């Protein structure tokens with residue numbers, strides 16, 4: 001018996017850890033960059049969770065997470081990231097795939113879109129809008 005965890009279980013454990021960290025940070029009232037840190041960690045947690053689900057659905061085949069290059073069913077190559085690692089499917093892609101198969105509720109899908117939007121604002125722009133915290137609170 002192998003002591004190595006299934007890839008899907010490893011990603012699930014990491015998803016749980018990321019979400020617990022997000023909640024712990026958000027619950028600290030005097031934590032600078034609290035809302036921004038929450039959105040980064042919560043988005044990461046959801047992406048890991050959906051990747052764990054995809055692995056489970058695909059017999060833990062790591063290649064099921066990779067973005068294929070080219071067109072057609074016989075695409076043999078995977079797109080590479082800037083670090084030359086195989087590029088994996090995004091949170092939005094995975095969520096949309098699950099939604100289309102009725103495996104993800106429409107409300108959860110919309111909340112993931114909103115969470116990703118708020119995360120993108122946190123990561124890519126200065127927090128210029130006074131409505132930032134309000135947008136975060138809109139996520140159910």
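Take the conditions (1) in contact with a helix residue (DSSP H, G or I) (Cβ under 9 Å, 6 or more places away or on another chain); (2) free of Cβ contacts under 8 Å to residues at least 24 places away in the same chain; residue 32 misses just one of them, which is (1).
Can you pull out every residue in the stretch 88-121 that is under 16 Å from residue 48 (Cβ atoms) and assigned to a loop (DSSP other than H, G, I, E, B)? Within the stretch 88-121, 89, 90, 104 meet the criteria.
Only one of the numbered conditions (1) closer than 30 Å to residue 26 by Cα; (2) out of contact with any helix residue (DSSP H, G or I) (no Cβ under 8 Å at 6 or more places or on another chain); (3) at pLDDT 90 or above; (4) not in a helix (DSSP H, G or I) is violated by residue 126, and that is (3). Is the stretch 51-62 home to any residue that is in a loop (DSSP other than H, G, I, E, B), in contact with a strand residue (DSSP E or B) (Cβ under 7 Å, 6 or more places away or on another chain), surrounded by fewer than 17 Cβ atoms within 10 Å (Cβ to Cβ) and on the phi < 0 side of the Ramachandran plot? Scanning the stretch 51-62 turns up no residue that is in a loop (DSSP other than H, G, I, E, B), in contact with a strand residue (DSSP E or B) (Cβ under 7 Å, 6 or more places away or on another chain), surrounded by fewer than 17 Cβ atoms within 10 Å (Cβ to Cβ) and on the phi < 0 side of the Ramachandran plot.
Matching residues to (1) farther than 23 Å from residue 125 by Cα; (2) without any contact (Cβ under 8 Å) to a residue 40 or more places away in the chain; (3) over 13 Å from the mean Cα position of the chain (by Cα):
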site	(1), (2), (3)
36	no, no, yes
40	no, no, no
51	yes, no, no
54	yes, no, no
62	yes, no, yes
83	yes, yes, yes
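Residues checked against (1) under 22 Å from residue 45 (Cβ atoms); (2) surrounded by fewer than 10 Cβ atoms within 10 Å (Cβ to Cβ); (3) at pLDDT below 90:
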position: 65; (1), (2), (3): yes, no, no
position: 80; (1), (2), (3): no, no, no
position: 86; (1), (2), (3): yes, no, no
position: 102; (1), (2), (3): no, yes, no
position: 114; (1), (2), (3): yes, no, no
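Got at least one residue in the stretch 100-113 being in contact with a helix residue (DSSP H, G or I) (Cβ under 6 Å, 6 or more places away or on another chain) and over 19 Å from residue 36 (Cα atoms)? Checking the stretch 100-113: at least one residue is in contact with a helix residue (DSSP H, G or I) (Cβ under 6 Å, 6 or more places away or on another chain) and over 19 Å from residue 36 (Cα atoms).
Residue 92 meets each of the listed conditions (1) closer than 26 Å to residue 27 by Cβ; (2) modelled with pLDDT of 80 or more apart from (1).
The values are calculated or read from the model by the stated rules, or taken from the named source; none is laboratory data. Everything quoted here is computed from the prediction, not taken from an experiment. In this analysis, Cβ positions are derived from the backbone assuming ideal geometry, glycine residues included, and neighbour counts consider all displayed protein chains.
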